[in-house]
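Readers should treat all values here as calculations from the given coordinates under stated rules, not as data from a laboratory. Since the model is a prediction, treat every value here as computed from it, not as a measurement.
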Amino acid sequence: MRHFTRKLRTKILRGGSGKPNTSLDLNTTLQKISTLLYEKKIYNWFIAYGTLLGIVRDNSCINSDDDVDIIIDKKYKIVIESLPGIKVLYKNNNFLRIILDTSKSPIDFYFSTVDANGNFFDNHENVKWLNVYPFEIRKWNNVILQLPQNYKEKLTKRYGNWKIPIPGKKGIRKLTESNRPELQIL
């Protein structure tokens, strides 16, 4: 595993590497990981956070975002860690950052507890995604993406007016430690 400076490690723990990627690189990475998850018959996942925002708003990952974000059932943690052609950049009990050998952009997996009602609790970001089933299926760039049910409502709860990008801010309204609720329910 890589050794990071304290500043970079802090950014990674918060879910961001700080290194911007092009929308083309991010889109390619999203296509590859979506295909790989389906090939491995892993279906209990959905795109989230900045990735969800970009796909819904722009039909593309957000240019200058730093990663692809996926919420996934924690029962797949060992399977994801052992996928062929990956390099683990960072991991803890609830989070895994990888990069595919054939991609330039990192992928963040948020391993979540899934309750009997199908609610996903992202233990890394402290976010509970309610009523995500059935997933909204979106055909995109020759792959199938899974979005949480009522994704527009969830984006509004997370980012406010998410339909209008903020110039110079990667288009994402990031929560900070000072404005992040103790538990966010989407």
For this session: Based on alpha-carbon positions alone, could you give the equivalent ellipsoid semi-axes of the range 40-106 from the gyration tensor, as √(5λ), descending, whole Å?
Result: 21, 15, 11
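For Lys41 and Ile78, compute 0.36 nm times the residue count separating them, minus their Cα-Cα distance, and round to one decimal in nm. Walk me through the intermediate numbers first.
Details: separation 37, 0.36 × 37 = 13.32 nm, distance 1.41 nm.
Full-extension gain reported as 11.9 nm.
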For this session: Of the listed pairs Lys41/Lys157; Lys32/Lys74; Lys91/Lys128, which have alpha-carbon separations greater than 24 Å here?
Result: Lys41/Lys157
